[in-house]
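**Q** The structure is given below, and queries will be raised subsequently.
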Amino acid sequence: MIKIVRLGAAVVSALTPTGGIVRAQAEREFLRPAQAAKMLADSRPWSATKKDGRDATVSFNPDGSGTFKGGPFALSTKWEIKGEDICITMSVTGVTCHRFVRVAGGLDGYTNGALDLQLRR
């Protein structure tokens with residue numbers, strides 16, 4: 001009986017988020033804005049996915065300009081470093097600011113601590 005209880009506790013422990021997982025999420029390493037800008041703004045297209053599943057192709061140029069292509073829309077964008085964030089301005093959505101984390105295949109953009117934008121190549 002004791003073995004069954006221990007096994008059950010081990011299974012519950014394995015399936016329940018642990019302090020290690022929470023700690024790892026809290027300790028994500030954001031890039032410095034200049035590092036993120038250097039990776040982001042190389043004029044090459046990124047496949048972009050927002051948290052709501054919408055996707056587009058975006059590119060950012062070193063001079064602070066960029067392009068957005070999604071569905072029937074092709075728009076100009078602007079980006080700039082503001083403090084610890086990189087802020088992207090589009091006429092349709094206004095200004096959205098992100099802090100970026102390097103991930104396999106690209107960058108993840110966080111807004112107010114929540115994943116908001118995935119950029120992949």
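The values are calculated or read from the model by the stated rules, or taken from the named source; none is laboratory data. Worth saying up front: this structure is predicted, and the values here are computed from it rather than measured. Heads up, the Cβs are rebuilt from the backbone with ideal geometry, glycines too, and the neighbour counts pull from every protein chain shown. Surface areas here come from the heavy atoms of the whole protein model, side chains and all, with no ligands, DNA or RNA. Shrake-Rupley method; radii C 1.70, N 1.55, O 1.52, S 1.80 Å.
**Q** Find the Cα radius of gyration of the range 63-121, compare it with 2.2 N^0.38 Å by division, and give the number to two decimals. Don't skip to the end; give the middle numbers.
**A** Numbers: Rg = 11.8 Å, N = 59, 2.2 N^0.38 = 10.4 Å.
Taking the Cα Rg and dividing by 2.2 N^0.38 Å, one obtains 1.14.
**Q** Can you give the translational diffusion coefficient of the range 29-103 in µm²/s, computed by Stokes-Einstein from the Kirkwood radius over Cα pairs at 37 °C and 0.692 mPa s? Could the numbers behind the result be given before it?
**A** Values: Rh = 12.6 Å.
Calculated translational D: 261 µm²/s.
**Q** Let me check I've understood the local charge: for residue 93, count other residues with C-beta under 11 angstrom from its C-beta, Lys and Arg +1, Asp and Glu -1. What total comes out? It would help to have the intermediate numbers written out before the result.
**A** On the way: positive: 50, 54; negative: none.
Every neighbour counted, the sum reads +2.
**Q** How much solvent-accessible surface does residue 52 expose, in Å² to the nearest 10, with a 1.4 Å probe and all protein chains in place?
**A** Counting only protein heavy atoms, residue 52 exposes about 100 Å² to solvent.
**Q** Sticking with this one: Can you sort 73, 60 by 1.4 Å-probe accessible area, starting with the largest? Walk me through the numbers before you get to the answer.
**A** Working: 73 120, 60 5 Å².
Order by accessible area, largest first: 73, 60.
**Q** Tell me, what HN-Hα J-couplings in whole Hz come from the Karplus equation 6.51 cos²θ - 1.76 cosθ + 1.60 at θ = phi - 60° for each residue of the range 57-71, using x for Gly and Pro?
**A** Coupling constants for the range 57-71: 10, 10, 9, 10, 9, x, 7, x, 9, x, 9, 10, 10, x, x Hz.
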